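Please treat every number below as a calculation from the coordinates, not as lab data. Note that this is a predicted model, so its numbers are computed, not measured. Note that each Cβ is placed from the backbone with ideal geometry, even for glycine, and that neighbours are counted across all protein chains shown.
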Amino acid sequence: NAGVTQTPKFRVLKTGQSMTLLCAQDMNHEYMYWYRQDPGMGLRLIHYSVGEGTTAKGEVPDGYNVSRLKKQNFLLGLESAAPSQTSVYFCASSRPLGSGMDNEQFFGPGTRLTVL
Amino acid sequence: GEDVEQSLFLSVREGDSSVINCTYTDSSSTYLYWYKQEPGAGLQLLTYIFSNMDMKQDQRLTVLLNKKDKHLSLRIADTQTGDSAIYFCAERSNTGFQKLVFGTGTRLLVSP
């Protein structure tokens with residue numbers, strides 16, 4: 001099992017450019033999440049999905065869009081990148097709430113994005 | 001709203017015990033977690049504690065929960081250089097989606 005994988009690992013964009021970050025999981029998890037990690041701020045939830053075809057906004061959704069067309073994939077899009085979106089982006093997946101005692105989230109290795 | 005706070009940095013010598021502290025605000029949290037992040041990697045779940053427990057021990061790890069003070073701690077016994085990492089405390093919100101709310105992370109540096 002590869003677990004949770006993310007592509008690309010690194011990317012540099014110019015302001016105004018667009019890109020898509022891909023997250024894939026092979027654990028048949030229903031729930032998937034996108035976080036951003038900034039120094040001194042911990043992880044903040046951008047968007048999440050509780051199943052194929054469904055998405056919802058998290059804590060900091062502005063400037064991002066997501067899609068979950070297949071259960072194993074969760075895409076994060078930046079339509080017009082801004083320097084404030086320079087961050088490390090983590091994808092995670094988990095079983096549904098109530099299916100286990102801990103609802104552990106499994107994380108990908110991260111994508112480091114720099115917007116100039 | 002929910003808020004989770006941690007000190008930013010802790011330095012210990014190899015073989016000593018490390019204690020990482022966390023405070024949270026949501027008294028209705030059901031689970032509290034400790035995640036470890038090694039350099040250049042994602043977060044990995046270390047351990048968790050259910051809110052009706054005071055303590056949980058798992059090999060070198062001891063988690064203490066003081067619900068009255070909303071204080072959570074992680075003690076690592078016999079700390080090794082391989083324990084150097086960032087440690088995140090997280091609470092599971094008991095409202096709505098029951099998302100995880102993460103602290104800012106504590107960077108643990110273990111010197112030989």
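At a glance:
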| item | result |
| --- | --- |
| Simple Cβ-charge dipole of chain A, Lys/Arg +1 and Asp/Glu -1, about Cα centre, in debye nearest 20 | 320 debye |
| Lysines whose Cα lies under 27 Å from that of A:Lys9, excluding same-chain neighbours fewer than 8 positions away | A:Lys57, A:Lys70, A:Lys71, B:Lys36, B:Lys99 |
| Unit charges at the beta carbon, dipole of the protein assembly as shown: most positive-side option, A:Tyr89, B:Phe9, B:Leu72 | A:Tyr89 |
| Residue range of chain A that is longest and free of trypsin sites (Lys or Arg not before Pro) which are both DSSP loop and sparsely packed (at most 15 other C-beta within 10 Å) | A:15-69 |
| Positive-end extreme of charge dipole, segment B:1-76 - chosen from B:Ser18, B:Ala41, B:Tyr31 (charges on Cβ) | B:Ser18 |
| Chain A: Rg to Rh, with Rh as the Kirkwood radius over Cα pairs | 0.96 |
| Total charge dipole magnitude, segment B:29-70, about the Cα centre, Cβ charges on Lys, Arg, Asp, Glu only, Debye to nearest 20 | 120 debye |
| Fewest-first ranking of B:Met55, A:Met19, using other Cβ atoms within 10 Å as the exposure measure | B:Met55, A:Met19 |
| Relative contact order [Cα under 8 Å, 6+ residues apart], chain A, whole percent | 35 percent |
| Rg over Rh, two decimals, segment B:1-108 (C-alpha only, Kirkwood Rh) | 0.95 |
| Neighbour-count order for A:Ser94, A:Ser67, fewest beta carbons within 10 angstrom listed first | A:Ser67, A:Ser94 |
| For A:Thr111, A:Thr86, order by how many other beta-carbon atoms lie within 10 Å, fewest first | A:Thr86, A:Thr111 |
